[in-house]
Structure formats: structure tokens, C-alpha cells
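Read the figures in this text as sums done on the coordinates, not as results from a lab. From a predicted model like this one, the values you see are computed outputs, not experimental measurements. All Cβ positions, even for glycine, are placed from backbone atoms using ideal geometry, and neighbour counts span all protein chains on display.
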Amino acid sequence: MKAYLKSYRQAPRKVRLVANLMKGKTADRALVELDVLPKRASGPMKKLLLSAIANAKENNGIAQESLFVKEVRVDQGTILKRFIPKSHGSASPIHKHTSHVMIELIANAQGEQLTTDTATRTIDKNADAAKKVSKKTALAKVKAAPKTKATATKK
């Protein structure tokens, strides 16, 4: 289930700020976040997401509740080259950037949130943090351990 927005008249780096917020979220959650986001690109991105949801319902019969945003890709479109007059009869260029946006949705039958790479990395970091032991607890374990004959004869 894909939807495309071509030749949107805003620079791709500005549209990517909005697009990166949508990745890996449910379609409902992404719609709510786009409603409250104070960026110019949030309106057209919401309209594009609604178009992708409609494509999923119409073509595949998938409910909106089970849809997730798998991929949002923002590519550079054509650049409109204009000129502004400057002093002494010269001119300087103005580049008006456009964007091509693609949204891909997938259906998840279990209704579970998809795990992203960043989520798995944070889980791994939390596991590593749990394995680390502070110096205080390590010294307490060493002192509490029973002494062997080798250490007892040295004293």
C-alpha cells in the first residue's frame, strides 16, 4: 500500500523532519501527531497518509487500525531556477526546491507495534546496563565470599 506525492514545493530537508516522525508508528498515531505538528509539511503529509490508508482499504480491504508506516522516503525533485535583480545590472540565482514523497504502509495481523532498529538498540543497551555491577556491590561480594586455604595461609 503506497502513495506518492510528487513535485511538492518545499525543500526535501524540511519535509524529512516531518517524515522521520512518522516511521514505525501506527497509521492512527501518525495522523494524531501530524494534526498537532506546527510544520508546513504536516498538512500535505497528512493528506498523503490518508491517501495511503484509503488505498489499503480499497485495494486490499485492510482496516486502518492494523496499518503501520513501514517507510517514508523523501527524494529531491526538480529545482526551479529563478533570478533576482541585484545592483549594477547583475542578477543572483534563486533555487526553488521541490520534493517527491513516498509512503508505504504494511498490515500487522497481531496488532503489535513494529520494532525498529532504534528500539532494539535501546533494549540491548538496557540489558548491558543491567549486567554492569558497581564497585561497591562487587567489593561486597568479594568480602562475603568464603576464603580458600591459599588465601588463609598467606596471612
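For the set Lys23/Lys70; Lys25/Lys47; Lys14/Lys57; Lys70/Lys96; Lys46/Lys81, the pairs lying more than 18 angstrom apart at their alpha carbons are Lys14/Lys57; Lys70/Lys96; Lys46/Lys81. Simple rule: put +1 on each Lys or Arg Cβ and -1 on each Asp or Glu Cβ in the stretch 2-111, find the dipole, and look at Met102, Ala52, Leu17; the Cα lying farthest toward the positive end is Leu17. Amide H contacts of Lys25: Val69, each under 5 Å away and 5 or more positions distant or on a separate chain (H built 1.01 Å from N in the peptide plane; Pro and chain starts excluded). The fewest-to-most ranking of Val72, Val142 by surrounding Cβ atoms within 10 Å reads Val142, Val72. Coupling constants for the stretch 53-65 follow from the phi torsions by the Karplus curve (6.51 cos²θ - 1.76 cosθ + 1.60, θ = phi - 60°), and in residue order they are 5, 5, 4, 5, 5, 6, 7, 10, x, 9, 6, 5, 5 Hz; glycine and proline get x.
Along the stretch 13-20 the Karplus relation, 6.51 cos²θ - 1.76 cosθ + 1.60 evaluated at θ = phi - 60°, assigns HN-Hα couplings of 5, 6, 6, 5, 4, 6, 5, 5 Hz to successive residues, with x for each Gly and Pro. When Met22, Met102 are arranged by Cβ crowding within 10 Å, least crowded first, meaning fewest neighbours, the order is Met102, Met22. Per-residue Karplus couplings for the stretch 35-49, computed as 6.51 cos²θ - 1.76 cosθ + 1.60 with θ equal to phi - 60°, are listed in order as 5, 9, 6, x, 10, 5, 6, 5, x, x, 5, 5, 4, 5, 5 Hz, Gly and Pro entered as x.
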